[in-house]
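Peer 1: For reference, the structure I am asking about is given below.
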Amino acid sequence: MRFLAVCTALAAATALTGCGRLADPAGGSRKVTLWLMKGSASEDFVTRFTADFEHRHPGVDLEVRTQEWTGIGDKVNAVLDGTSGEGADVIEVGNTQVAQYVEAGGLSELTLEGLREWGGKDWLKGLSDPGSVGGAQFGVPWYAANRVVIYNKDLFADAGLKNPPKTRQEWLQATQKLDKGDRQGIYLPGQNWYVLAGFIWDEGGELAVESAGQWVGALDDEKALAAMRFYKQLQALGDGPKDADEETPPQADVFARGRTAQIIAPPGQAAQIEAANPALKGKLGFFPIPGKTSDKPGAVFTGGSDLIIPERTRNRREAVDVITALVSEEWQTELARTMSYVPNKTTLAHVVEGNEGAAAMAPGAAQGRATPNSARWAEVEGKNPIKPYMTAVLTGQDPRQAARTASETISKVLSSDR
């Protein structure tokens, strides 16, 4: 609090924004501020990283501030446009948020550093692609997380299934065996559109495509329609609601009752399941979402975070040093093992071996994708025409017409002027 008060006074006196950009006028340590999102890293990780960074960079005082996801967009934009009372030199943002910050302006380009210092050629595309706009890199991949299949080992054994399926066809056949009596083969809510997105990418389709500077919804493409047909087949092998998503009710709670064989979720949900039903501890397994063929797993939506540097920072060199440390093999390994994440590079997938959940994520992450790289995609998710489209198909409406309606809404949102 004392530092914030000093910062406010200095800003008022000098009309400079960004406390993290000001060096001690007496020649002391230079303050560098890193914003991390709540839940992204443990307190122990932050403490150890800060101490190690300051030890290796004498004269730098690294301050890590934890931010809430709610309202973060406005806070980041205020830093970028210089109207914030707080400063930040490095900011963690959601990987799909980078495009909207680039459109607003105020991000520092990091293309050269990515190529020369951070091994950008090996980055996960689901993190690096949304961080790149117009061929320039603005977001630096930090960590990834994606969905896998969490399964009940006892129910698999009861059905005579010794190994997890590796292809879609094997998956359907296994799930049919599991879907008996009062047991659900899979709990798949009708509006889990992130799962559908993976199936669409597997088929070679897209949620939306860009042509001549205009985005157009693509759910009515034949490839996307084929993906929806597969989703319908799989969803029918359980009792998931056709008109709700995975949070209504929370699918972890449904699985915890012990009569559901599979759900599609980040592996971190296993902890929620075990907390709700301790009898399931040690009985949960994980496998990558199966692909169309056994040579590679299915495509998945890659969630996770990128790191950005505001253009207004006066500590760009030190900010680059912070990112260099965060994306190093040492700290990528620490973060992945501590938080059960997938590291930011395909070449580091081996560091999560031994963590069953994270290891199941890694193959999918290599096939991972992100949502269309439009600054307006967040508005699409706000309206989310994909969810009612899925419900329409699952309840027997004409798939092509429902897809066309949803695609038109996506096109309208992505092409509209603000």
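Laboratory data are not the source of any read-out in this text; all were calculated from the coordinates shown. Remember, predicted model here, so these are calculated numbers, not experimental data. Cβ sites come from the backbone with ideal geometry, for glycine too, and all protein chains shown count toward neighbours.
Peer 1: Roughly how far apart, in whole Å, are the Cα centres of the range 217-234 and the range 48-116?
Peer 2: 38 Å
Peer 1: Would you mind calculating the gained length between Asp74 and Glu381 on full extension (0.36 nm times residue separation, minus the Cα-Cα distance), in nm to one decimal?
Peer 2: On the way: separation 307, 0.36 × 307 = 110.52 nm, distance 1.78 nm.
Gain on stretching Asp74 to Glu381: 108.7 nm.
Peer 1: Spelling out what I want: for every residue of the range 162-173, take phi, set θ = phi - 60°, compute 6.51 cos²θ - 1.76 cosθ + 1.60 (Karplus), and round to whole Hz; glycine and proline get x.
Peer 2: Listing the rounded values in order: 8, 10, x, x, 10, 10, 4, 5, 4, 5, 4, 5 Hz.
Peer 1: Could you pull out every residue, at least 5 positions away or on a different chain, whose amide H is within less than 5 Å of the one on Thr260? Hs are placed 1.01 Å off N in the peptide plane, and Pro or chain starts have none.
Peer 2: Amide H to amide H, under 5 Å and 5 or more residues apart or across chains, Thr260 pairs with Gln184.
Peer 1: Ok, one more. Quick one: length gained pulling Arg404 to Glu117 fully straight, 0.36 nm per residue minus the C-alpha distance? Display every interim value, and only then the final one.
Peer 2: Working: separation 287, 0.36 × 287 = 103.32 nm, distance 4.50 nm.
That works out to 98.8 nm of additional length.
Peer 1: Shifting gears a bit: With a point put 7 Å past each Cα toward its Cβ, work out how far Met37 is from Glu109 in nm, to one decimal.
Peer 2: So the two model labels end up 2.6 nm from each other.
Peer 1: Can you give the helix-only mean residue ellipticity at 222 nm for the chain, where every DSSP H stretch with n ≥ 4 adds -39500 (n - 2.57) and the sum goes over all residues, rounded to the nearest 500 deg cm²/dmol? Numbers along the way, then the final one.
Peer 2: On the way: 18 runs with 175 residues, N = 418.
The helix-only estimate for the chain comes to -12000 deg cm²/dmol at 222 nm.
Peer 1: Follow-up question, since we're still on this one. Treating only the Cβ of Lys, Arg, Asp and Glu as charged (+1, +1, -1, -1), what charge dipole size does the chain show about its Cα centre? Round to the nearest 20 debye.
Peer 2: 720 debye
Peer 1: Given H placed 1.01 Å from N in the peptide plane, which residues other than close sequence neighbours of Val148 have an amide H under 5 Å from its amide H?
Peer 2: For Val148, whose amide H was placed from the backbone, the distant partners under 5 Å are Ala265.
Peer 1: Continuing with the same structure: With P(r) over Cα pairs in 20 Å bins from 0, in percent defined as stated, name the option among (i) 26, 59, 15, 0; (ii) 21, 36, 32, 10, 0; (iii) 25, 53, 20, 1 computed from the structure displayed.
Peer 2: (iii)
Peer 1: Here's something else I'd like to know. Could you give log10 I(q)/I(0) at q = 0.17, 0.22, 0.24, 0.25 Å⁻¹ for the range 303-378, computed by the Debye formula over C-alpha point scatterers of equal weight, without solvent?
Peer 2: One equal scatterer on each Cα of the range 303-378 leads to -0.78, -1.01, -1.07, -1.10.
Peer 1: List the residues, sorted by chain then number, that are 5 or more residues from Leu219 or on another chain and whose placed amide H is less than 5 Å from its amide H.
Peer 2: Under 5 Å from the amide H of Leu219: Ser407.
Peer 1: Okay, next question. Within the range 355-369, which residues have the backbone N less than 11 Å from the label spot 7 Å out from Asp295 along Cα→beta-carbon, could you tell me?
Peer 2: What the label zone holds, given the 11 Å backbone N cut-off, is no residue at all.
Peer 1: Then there's this: How much length is gained on full extension from Ser415 to Asn163, taking 0.36 nm per residue of separation minus their Cα-Cα distance?
Peer 2: 86.1 nm
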